[in-house]
1. Considering only region 8-16, I want to know if a residue exists there that is under 17 Å from the mean Cα position of the chain (by Cα), among the polar types (S, T, N, Q) and part of a helix (DSSP H, G or I).
2. Can we say TYR99 is surrounded by fewer than 24 Cβ atoms within 10 Å (Cβ to Cβ), touching a residue at least 24 places away in the same chain (Cβ under 8 Å), aromatic (Phe, Trp, Tyr) and more than 16 Å from the ligand (Cβ to nearest atom)?
3. If I filter region 207-223 down to residues being touching a residue at least 40 places away in the same chain (Cβ under 8 Å) and either of a type in the set (Asp, Glu) or in contact with a strand residue (DSSP E or B) (Cβ under 9 Å, 6 or more places away or on another chain) (or both), which single residue comes out as farthest from ALA261 (Cα to Cα)?
4. Please find, within region 184-203, the residue that is farthest from SER42 (Cα to Cα) out of those that are of a type outside the set (A, V, I, L, M) and surrounded by fewer than 23 Cβ atoms within 10 Å (Cβ to Cβ).
5. Are there any pairs with C-beta distances below 6 angstrom linking a residue in region 224-242 that is free of Cβ contacts under 8 Å to residues at least 24 places away in the same chain to a residue that is surrounded by fewer than 22 Cβ atoms within 10 Å (Cβ to Cβ) and assigned to a helix (DSSP H, G or I), with the two at least 6 apart or on different chains, and if so which?
6. Within region 213-237, track down each residue that is over 18 Å from GLU61 (Cβ atoms), of a type in the set (A, V, I, L, M, F, W, C) and in contact with a Leu (Cβ under 7 Å, 6 or more places away or on another chain).
7. Pairs under 6 Å by beta carbon, first residue within 16 Å of the ligand (Cβ to nearest atom) in region 74-93, partner part of a strand (DSSP E or B) and modelled with pLDDT under 95, six or more apart or different chains?
8. Of the residues VAL213, VAL206, VAL229, which single one is surrounded by 23 or more Cβ atoms within 10 Å (Cβ to Cβ) and more than 16 Å from the ligand (Cβ to nearest atom)?
Amino acid sequence: MTRPAPRPSVLAIDPYVPGKSAAPGAGRVFKLSANETPLGPSPRAIEALRDMAPEIALYPEGSSRALREAIGARHGLDPARIIAGAGSDNILELLALAYVGPGDEGVYSQYGFLEYKIVILAAGGTPIVAPETHYTANVDALLACVNEKTKIVFLANPNNPTGTYLPARDVARLAASLPAHVLLVLDAAYAEYVRREDYEAGVALVNAHENVVMTRTFSKIYGLAALRVGWGYGPAHVIDALNRIRSPFNVSSAGSVAAIAALADEAHLAAAVGHNERWLPWLTREIAALGLTVLPSAANFVAIRFPEAKGLTAADADRFLTARGLVLRAVAAYGMPDFLRLTVGSQEANEKVVAALAEFMQGAGARESARASLHG
Ligand SMILES: *Cc1c(COP(=O)(O)O)cnc(C)c1O
């Protein structure tokens, strides 16, 4: 061997490719590719961040105690059973590292969040993919993948990039049917957005089982994606394991103070929920009326299916929209090459997307491509 070699499973990872955020030459850009909130963070979070700036020479308090207490108070949870992390991605990674090793298997669903595959492989494990039904996780299919080698099952609920969700009774059946040695991770990154009576983010199941963990984030509805703050709630023995392997200062003081301030701003949260309640159904309806298929979403984004027809494909639409400063998320890496994912944006962005899609569907995209190939 002529140079150090990473473990084989490391080289089996396709690095996570974030959605693009630029549209060269398009003028004003609307980034609708990362499920960020169009309302931005709470002004209180910005103020808290400014106030703490002189203190950044000091290490953060290592256990994120103040943040865990604020989360506990807000959600009625025991702070000792909460772990904070650098985004919920950090918690997902710690879970895989702590519970999965070479020879072990980790299960997730067909169109599930791609981070699961990455963290299972990074831990040295083998990713196992359960088929979905109508772009929705299927409890029986997930259970059919479980055997004595299975250590972890990841379920995003609602799921990214599909936006579909499983009702509480289905998730409860999954939790109750898993063997006791398998950890179920309920990734509820979009929980605050869900307006469904049969939805439960995971607290009740964590409380009822020794093998269920819930993860949450401040990156989405709270608008703090750049600060990287997420958390997990689980049985004491799981939180203990994660605390042993996390890096000692895994949440910055900036992230903590901003998240605590954001949690306290209930009006801002309500505004974000209200905005989504208005525009998610509007986008779903208007885009479907153009003849496109829109998956039913419980989150703050929709997956839009484009026809196979030349000039009308998702790739054509992506080019067409990007040229107009409307940046959506291509999801071919998820095995959904005929879809684009659209985040609910500001009123202006939403109206522009629908108008541009209408133009595209009337053949403008095809005409533009034909012209480009004639001249190119
Ligand atoms: C965005 C997202 C996350 C994580 O985001 P962080 O910024 O790392 O907290 C986790 N799960 C799903 C399904 C997501 O869409």
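1. No, the conditions are met nowhere in region 8-16.
2. On the way: surrounded by fewer than 24 Cβ atoms within 10 Å (Cβ to Cβ): yes; touching a residue at least 24 places away in the same chain (Cβ under 8 Å): yes; aromatic (Phe, Trp, Tyr): yes; more than 16 Å from the ligand (Cβ to nearest atom): yes.
So TYR99 fits the description; yes.
3. From region 207-223, those touching a residue at least 40 places away in the same chain (Cβ under 8 Å) are 213, 215-223; that's our starting set.
Retained after the next criterion (residues that are either of a type in the set (Asp, Glu) or in contact with a strand residue (DSSP E or B) (Cβ under 9 Å, 6 or more places away or on another chain) (or both)): 213, 215-219.
On the way: VAL213: 25, THR215: 20, ARG216: 17, THR217: 14, PHE218: 11, SER219: 14 Å.
Within region 207-223, the match that is farthest from ALA261 (Cα to Cα) is VAL213.
4. ASP198
5. Short answer, once both residue conditions are applied: none.
6. VAL213, MET214, ILE221
7. Between residues of region 74-93 that are within 16 Å of the ligand (Cβ to nearest atom) and residues that are part of a strand (DSSP E or B) and modelled with pLDDT under 95, there is no close pair.
8. Working: VAL213 fails: more than 16 Å from the ligand (Cβ to nearest atom); VAL229 fails: more than 16 Å from the ligand (Cβ to nearest atom).
Being surrounded by 23 or more Cβ atoms within 10 Å (Cβ to Cβ) and more than 16 Å from the ligand (Cβ to nearest atom) holds for just one of VAL213, VAL206, VAL229, which is VAL206.
The values are calculated or read from the model by the stated rules, or taken from the named source; none is laboratory data. Predicted, not measured: the structure shown is a model, and the values here were computed from it. Because the Cβ atoms are built from the backbone with ideal geometry, glycine has one as well, and the counts that use them run over all protein chains shown.
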